[in-house]
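Reading through the structure tokens given below for one structure.
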Amino acid sequence: MSTAGFNSQNGTGTGTGTGQTYTNGPSQNPVALQQLPGVNYGMTHQSTYNPMQAKAPAPPGPGLYPSGPYQPAPPVSSYQPGPPLTSYPSAPGQSLLSRPQMGGPPPHTPPQSASPSPGPRLLPAQATPPPPAVSSSSYYQNPQQPMAPAWQYNTAPPPMGPPASMSAPPRGPVANHMNPAASLAATAPPPSSAAYSTAPPPHMSQSATQPPGPGMPPTSLHGYTQTGTAPPPMNPIAPHAYQPGRPAYGPPPTGPPPTMKPAPPPTGPTMANATPPPPKADGAVAGNGPQASNSYNHVDNKMAGLTQPGPPGRHLGHYPSLPPGYQNTSAPHATSNIHPAMQAATQPYTRAPQPYQQMPGGPGPAQLSSSLAAMSLQSSTPEALRVVNLVQERNLLPPNAIPAPTPCLTQDLQKINCSPEVFRCTLTSIPQTQSLLNKAKMPLGLLLHPFKDLSQLPVVTSSTIVRCRSCRTYINPFVSFLDQRRWKCNLCFRVNDVPEEFMYNPVSRSYGEPHKRPEVQNATIEFIAPSEYMLRPPQPAVYLFVLDVSHNAVETGYLNVFCQSLLENINALPGDSRTKVGFITFDSTIHFYNLQEGLSQPQMLIVSDIEDIFLPTPDSLLVNLNECKELVQDLLKSLPTLFEKTMETQSALGSALQAAFKLLSPTGGRLSVFQTQLPNLGVGALQSREDPNQRASAKDIQHLSPATDFYKKLALDCSGQQVAVDLFLLSSQYCDLASLGCISRYSAGSVYYYPSYHHQYSPAQVERFQKDLKRYFTRKIGFEAVMRIRCTKGLSIHTFHGNFFVRSTDLLSLPNVNPDAGFAVQMSIEENLDDMQIVSFQAALLYTSSKGERRIRVHTLCLPVVNSLSDIFAGADVQAISGLLACMAVDRSVTASLSDARDAMTNAAVDSLSSYRQFVLTIQQPGLLAPACLRLFPLYILALLKQKAFRTGTSTRLDDRVFAMCQLKYQPLVYSMLMIHPALYRVDDLTDEGALNINERTIPQPAVHQLTVEKLCREGAFLMDCGTVMYLWIGRNCHPNFLTQVLGVPNYAAVPENLYLLPELDTAESQRTRAFVGWLRDQKPFFPSLHVIRDESQLKASFMQNMIEDRTESALSYYEFLLHLQQQISK
């Protein structure tokens, strides 16, 4: 085992005396790993807006921001803004007070690693080294690295010295770097040559085309930069940021609030029907007042008083009396034929191939000022900025879907832009400066789903992969061709030569049109990599299963399900003729299985010395699946009976993992661990840290961080040898997932959790386990992968979220990558983007397929740059913002405290709505005002506060809470949003009106209801989709027709207590209901279990806890939460 010390903040390891990076190829470009002369990693500099500041003792309680005297900040450097994208009336500039400086971020140590190991060759880092990235996947604090004082929203890392020459090629071997900014492709034309292939076209149930951003006339596609045009001047400007230092807004009050009357309705003409005033354009630099670092002390100084409690509320499910106008507002209408949570990621995306009409000469996409200026939003207010009074307009939840906002780009750029299913930004309009971003008080970040299953993916086989010589960006649809022989990089603006081979287009079989190549026509594309992208032959698919066979494990009955499922799917395991499999079982000893060809039956080898584990027969424990399939099948048939009568209660999980690591190290592969209890023997042994009596009463939850670093260190060793660990936890008792989960988090694995699993007593869990295993065994997999995200010069990435190991400053090590894994990154603006109209992001994922091919999947996203706050708010993606805040809150819960994270999420809503009211609204009016695009932001924040990961005052098992945090960190946004805000449908009156027709099935499309018991009725039946689980609630007076035609029971009393399957009845009502439930399940990679519940059911409490808009004993109702926000903003 490695004795390296590990940096828990960014997942790097320092080998003793080696000084080498944790890499599987040639060593990284030393420029990227060494501290440049004159650069101090721990230097103090202005920090950026951060709603999650470290708490300081300030009345009325612990706050999020340190207290101290206010100090003036240096003025923001002025710049000449480009033409604004909106034509709203500009308000005179305002003098802004400044905040005290908070000090710099924690010092960064250049990452190093334990020991080099075989693996894919990695290309050298960019010529301009990026600042050290901070992995947010740390679950405990590095004692040598002070914790950042707050939730870093958009912290700009320290400058790294002068940029390298643009014309000088990078040093070191030509290599395969991952590039940032992924973007999903418009599909390419059908293949007409063997060198280019696409998957069959997808079956589409709706048109994905939609006009670009609001009120924007179509404009012509960008032309190209004039021959000889120099790249736009880039002025390196120190980031102008500030660190807020106000007292805390404070958390929402808990417990029954003191008496307080609801806000009275405004006098005079009602505001509900008034025409909202148009937002004002932000004078980022315009205006007569002095400009200073953005802050809002004029708001802060009012905030030192006691937190005002919300109004009184009744028991669960009832709002307090509401002001007039709040009760009868109709919900906005939207049409959609995709599940609401899913459609958000699929709207503004066109799959059809788009010709790239570029001719030599003409302006390129980076010089689009004239055409973008032409897209001014006229004088009308776009829908995204329509002013909404949240306290008056209650029915804000769309009946069907919340589409991802469409970036304000030309139609031609939008058509070829990346799909939001794959690549999504919290702000679809990028602020021109960091100070402007600070003023908006919204997080800037990307959410990725890079290995998503795609129905159509262009695949290119070429001996030459065209990349920028300076920053290593892959050529993409947003580069500029100066002429047929030269192209300009859209990230660093270097001019590159077009290789001779790239002049030939394999699709049209024509020569001399490089701009029509598939690489320049598709924002998502996959390359089959040539030999220089690998250091060793691509590894085979290797699967090792490590199974708990203690008495507790045998009692659950999981072993039968596992063995049966693997027997059924053994021929569907991804791989080729080289595929290998192996098995290890363990209790207080470790059992290996010799499956060597020629044996008549499997041979079990027991190692009882768990303190010094060794492999008894190293060459016959991992065997070729094709050659030894019969022995493998014999073992799977006999395993469940082998330990039937065991009385062994101890679990030596740590030693079993060490043995598995030794077995897989030579090749790499996937390690699947099945565990049913707390490990209590040998290395990695754990003790119970949960006090069941503190589940509901404690304000701050303890033990969210690991009890030992054994599992993290082992995970980093695994990552270095291309081994990923997937953990299946099936237990009714506490298992310390906070500690065990590290083995998957840092090795890019996954965690599956089945609480209270038992083959007899929890049939719904058994069904979910079976379905999950089938998906797990058969889904696509990538081995020995690395991913790099690059962005346009001036932007920088500083924090990553997900399951991975940060191998160098910006290279994510992913020993396995699966199509169900999501990632998120936080960004800051290091240099003003004055001279740019668009910026780009590119994510490149290099992996080995299960067939042994080295492949590179590249996504590129293009977004506009704006210089007014109104444009920033108009492009806000409320779901992406909520998803990124959830990731940040998980980190804050672990590194600081749960109450800190809860306060910070509330502050995030207060900050953004305060900024909108202060800087964008032209006419101040009473109420809690938000732009239409952020109208659901307070609802999502309240939903997060009541989510299992962050809720207080409700009995929540520690493992359940930690698992919810894990899911928020690594699930793609479209799935985590259902966990945050479930969807509620009424299903006792389903009709074919507005139904979808998919594969000759009719899928009803009921409306989504608000999560409040007001929407329930005793005569109905309601389905709640929470992502991983569904509840079908049956009203006490439910219509007998539904009971007989759908559930097959004569009356309400006859509904079984633990019904989890809908009977297949030959009735129209049954077919509609089963079709709808099946359709919801089909859109998820995992299998949500279904629970039919009545008023007397034990699970009714779980169902009611998801009624986010209702008051509980320990949490505010939605209306009370809105009043709480309004009080904080008006202070």
Checklist entry - If you scan region 1040-1061, which residues turn out to be open to solvent by less than 30 Å² (accessible area, probe 1.4 Å) and either touching a residue at least 24 places away in the same chain (Cβ under 8 Å) or of a type in the set (Gly, Ala, Ser) (or both)? => result PHE1042, VAL1046, LEU1047, TYR1052, VAL1055
Next on the checklist: Of the conditions (1) modelled with pLDDT of 95 or more; (2) open to solvent by 10 Å² or more (accessible area, probe 1.4 Å); (3) part of a helix (DSSP H, G or I), GLU532 satisfies every one except a single condition; which number is it?
Outcome noted: (1)
Next on the checklist: List the strands (runs of 3 or more DSSP E) inside region 545-644, counting only whole elements, that have at least 3 residues being among the aromatic types (Phe, Trp, Tyr) and open to solvent by 30 Å² or more (accessible area, probe 1.4 Å).
Outcome noted: none
Next on the checklist: I'd like the full set of residues that are under 24 Å from PRO477 (Cα atoms) and either of a type in the set (Phe, Trp, Tyr) or open to solvent by less than 10 Å² (accessible area, probe 1.4 Å) (or both), limited to region 804-821.
Outcome noted: LEU811
Item to check | region 992-1034: number of residues that are within 16 Å of HIS1091 (Cα to Cα) and more than 36 Å from the chain's Cα centre (by Cα) | outcome: 0
Checklist entry - Before we move on, is LEU454 modelled with pLDDT under 95, more than 30 Å from ALA660 (Cα to Cα), open to solvent by 10 Å² or more (accessible area, probe 1.4 Å) and aliphatic (A, V, I, L, M)? => result yes
Checklist outcome for this item: Residues of region 754-764 being open to solvent by less than 30 Å² (accessible area, probe 1.4 Å) and in a helix (DSSP H, G or I), in sequence order, are ALA764
Checklist entry - For region 1027-1038, does any single residue satisfy the condition of being part of a helix (DSSP H, G or I) and either out of contact with any Leu (no Cβ under 9 Å at 6 or more places or on another chain) or among the charged types (D, E, K, R) (or both)? => result no
Checklist entry - Out of (1) buried (at least 22 other Cβ atoms within 10 Å of the Cβ); (2) over 30 Å from GLU532 (Cβ atoms), the odd one out for HIS449 is which? => result (2)
Checklist entry - Does PRO540 count as modelled with pLDDT of 95 or more and either more than 30 Å from THR585 (Cα to Cα) or out of contact with any Leu (no Cβ under 9 Å at 6 or more places or on another chain) (or both)? => result yes
Item to check | region 663-695, residues that are open to solvent by 50 Å² or more (accessible area, probe 1.4 Å) and closer than 23 Å to PHE777 by Cα | outcome: PRO666
Checklist entry - Looking at (1) within 25 Å of LEU413 (Cα to Cα); (2) in contact with a Lys or Arg (Cβ under 9 Å, 6 or more places away or on another chain); (3) surrounded by 24 or more Cβ atoms within 10 Å (Cβ to Cβ); (4) of a type outside the set (Lys, Arg), which is the one condition that is false for LEU846? => result (1)
Next on the checklist: Between ALA1021, ALA1068, which is modelled with pLDDT of 95 or more, at negative phi and of a type in the set (A, V, I, L, M, F, W, C)?
Outcome noted: ALA1021
Next on the checklist: Suppose we keep only residues that are open to solvent by less than 30 Å² (accessible area, probe 1.4 Å) and at pLDDT below 95 within region 702-733. Which one would you say is farthest from ASN680 (Cα to Cα)?
Outcome noted: LEU704
Checklist entry - Hey, any hits in region 783-800 for a residue that's within 18 Å of TYR970 (Cα to Cα) and part of a helix (DSSP H, G or I)? => result no
Checklist entry - Restricting attention to region 745-765, which residues are hydroxyl-bearing (Ser, Thr, Tyr), in contact (Cβ under 8 Å) with a residue 60 or more places away in the chain and within 17 Å of LEU671 (Cα to Cα)? => result TYR746, SER747, SER750, TYR753
Checklist entry - Just wondering, is there one or more residues in region 435-444 that are closer than 19 Å to MET787 by Cβ, open to solvent by 10 Å² or more (accessible area, probe 1.4 Å) and out of contact with any Gly (no Cβ under 8 Å at 6 or more places or on another chain)? => result no
Checklist entry - Got a number for residues in region 1090-1123 being under 17 Å from ILE1034 (Cα atoms) and part of a strand (DSSP E or B)? => result 4
Checklist entry - Restricted to region 822-835, and to residues that are open to solvent by 10 Å² or more (accessible area, probe 1.4 Å) and assigned to a loop (DSSP other than H, G, I, E, B), which residue is nearest to PRO538 (Cα to Cα)? => result GLU830
Checklist entry - Is it the case that ARG779 is open to solvent by 10 Å² or more (accessible area, probe 1.4 Å) and touching a residue at least 12 places away in the same chain (Cβ under 8 Å)? => result yes
Next on the checklist: Being open to solvent by 10 Å² or more (accessible area, probe 1.4 Å), under 22 Å from SER419 (Cβ atoms) and in a loop (DSSP other than H, G, I, E, B) is the filter here; which residues of region 487-516 pass it?
Outcome noted: ASN490, VAL507
Checklist outcome for this item: Note on region 995-1010: residues open to solvent by 60 Å² or more (accessible area, probe 1.4 Å) and either in a loop (DSSP other than H, G, I, E, B) or under 15 Å from LEU1080 (Cβ atoms) (or both) are ASN999, GLU1000, ARG1001
Checklist entry - Can THR809 be described as at negative phi, β-branched (Val, Ile, Thr) and not in a loop (DSSP other than H, G, I, E, B)? => result no
Checklist entry - In region 731-753, what count of residues is obtained for those that are part of a loop (DSSP other than H, G, I, E, B), at negative phi and under 28 Å from the mean Cα position of the chain (by Cα)? => result 7
Item to check | region 1064-1087 - residue that is surrounded by fewer than 16 Cβ atoms within 10 Å (Cβ to Cβ), out of contact with any helix residue (DSSP H, G or I) (no Cβ under 7 Å at 6 or more places or on another chain) and not charged (D, E, K, R) and, of those, nearest to PRO982 (Cα to Cα) | outcome: GLY1078
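The values are calculated or read from the model by the stated rules, or taken from the named source; none is laboratory data. For clarity, every value in this text was computed on a predicted model and none was experimentally measured. Glycine also receives a Cβ, built like all others from the backbone with ideal geometry; neighbour counts cover every protein chain displayed. We work out accessible area using only protein heavy atoms, side chains counted, and drop any ligands, DNA or RNA first. Shrake-Rupley method; radii C 1.70, N 1.55, O 1.52, S 1.80 Å.
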